[in-house]
């Protein structure tokens, strides 16, 4: 019994694998006849006017109710900027023992990459999924449906822009690297540093045009870097979670708080997250702005 | 009522949220809807950030080994805002690419026209 027979028995009808795939319909709204357009417009107008009025009234009521409820809630909240009672034991724990347990001087960094490391991994995967969605939606699917190029003013030959970028981009890249590497010591971290580096890549791409921007980050590099960074995050965090939960000795010490090589895995993890974010932002720019990687 | 003025930062955050919500409801252009959603997101960030602030205290970065909780603001909202920002960026990107797809199919960003075109196509099938 072949796989095909089994599948057919399972599904209850015969499958013809060799049947030709029906050609995809590539009809657009512009190709519809004007009659159809007028017809549908008339339907819209007849039913739409009354519906539109009801919609607007309901929308205004809805917004007013929402806004007044929210403002009433604010009026009932504890006073802004005064020592609040919701500053509970968790917060005290984070501040008074956070540096000792995580080794990070920046307490927020310690929270997001040690106490809530799982959450941060989820965020990285959200970004990864989003860029995958963008790729799947916007990729030109086959030679027959090459997306029509939207005409936009090409600013990449502008000499003023190029000069400025030549001066600015190294500083921005350096700043991004600083924010990444000192995420556990000063304000910053993986997401903000990655966003700065991604912005620098976008600057280069917009100043130097198609031929250069295609070479900065090819799809292959993008895939490799993102996958490696996410796998490193998973493996490193699994190790520290495992040793921490079972009371085992971890080879990754916390070091002296305040040193650049301290705080266990926080600095490498910041770099990994930053790589993912930079690649994601640049990939989104390329796909949404220029429709190709 | 005076408490509302004392909590002015939260109030402004929620007004921003409502502005974004109304933009989402009343505009027909997809890009404007997207901008409205981003305004809503900004309201939420401002709200969270202002929830953590306490007068006269500093950002939660340990200075000179001083670990008393009375010196620093609440670090928890700051780490929650991060999640919000990441999700908002992802949602914006996906919505943008969906809008691009819709524009390519219907050559417009007006939702009413898109509905009309889709409906007439269904009727004529």
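The values are calculated or read from the model by the stated rules, or taken from the named source; none is laboratory data. Computed from a prediction, not measured in an experiment: that's the story for all the values here. Neighbour counts run over all protein chains shown; Cβ positions are idealised from the backbone, glycine included.
Here's the yes/no breakdown for (1) part of a helix (DSSP H, G or I); (2) touching a helix residue (DSSP H, G or I) at 6+ places or on another chain (Cβ under 6 Å); (3) closer than 24 Å to residue A:282 by Cα; (4) facing chain B (nearest Cβ under 7 Å):
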residue	(1), (2), (3), (4)
A:98	yes, yes, no, no
A:111	yes, yes, no, yes
A:118	yes, no, no, no
A:125	yes, no, yes, no
A:130	yes, yes, yes, yes
**Request:** Can you give me the number of residues within region B:34-56 that are free of Cβ contacts under 8 Å to residues at least 24 places away in the same chain and under 12 Å from the mean Cα position of the chain (by Cα)?
**Result:** 3
**Prompt:** Quick one: would you say residue A:46 is modelled with pLDDT under 85, touching a helix residue (DSSP H, G or I) at 6+ places or on another chain (Cβ under 7 Å) and more than 9 Å from chain B (Cβ to nearest Cβ)?
**Reply:** no
**Complete:** Within region B:107-116, residues in contact with a helix residue (DSSP H, G or I) (Cβ under 6 Å, 6 or more places away or on another chain) and more than 9 Å from every other protein chain (Cβ to nearest Cβ) come out as B:109
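Conditions (1) surrounded by fewer than 16 Cβ atoms within 10 Å (Cβ to Cβ); (2) within 27 Å of residue A:183 (Cβ to Cβ), marked per residue:
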{"position": "B:12", "(1), (2)": "yes, no"}
{"position": "B:16", "(1), (2)": "no, no"}
{"position": "B:20", "(1), (2)": "no, no"}
{"position": "B:28", "(1), (2)": "yes, no"}
{"position": "B:41", "(1), (2)": "no, yes"}
{"position": "B:48", "(1), (2)": "no, yes"}
{"position": "B:56", "(1), (2)": "yes, yes"}
{"position": "B:61", "(1), (2)": "no, yes"}
{"position": "B:66", "(1), (2)": "yes, yes"}
**Prompt:** Of all residues in region A:245-266, which are outside any loop (DSSP other than H, G, I, E, B) and touching a helix residue (DSSP H, G or I) at 6+ places or on another chain (Cβ under 9 Å)?
**Reply:** A:257, A:266
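Okay, residues lined up against (1) closer than 30 Å to residue A:187 by Cα; (2) more than 7 Å from chain A (Cβ to nearest Cβ); (3) in contact with a strand residue (DSSP E or B) (Cβ under 8 Å, 6 or more places away or on another chain); (4) assigned to a loop (DSSP other than H, G, I, E, B):
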site: B:69; (1), (2), (3), (4): yes, no, no, yes
site: B:83; (1), (2), (3), (4): yes, no, no, no
site: B:88; (1), (2), (3), (4): yes, yes, no, no
site: B:95; (1), (2), (3), (4): no, yes, no, no
site: B:105; (1), (2), (3), (4): no, no, no, no
site: B:118; (1), (2), (3), (4): no, yes, no, no
**Prompt:** For region A:132-149, which residues satisfy the criterion of being at the interface with chain B (Cβ under 8 Å from one of its Cβ atoms) and at pLDDT below 75?
**Reply:** A:147, A:148
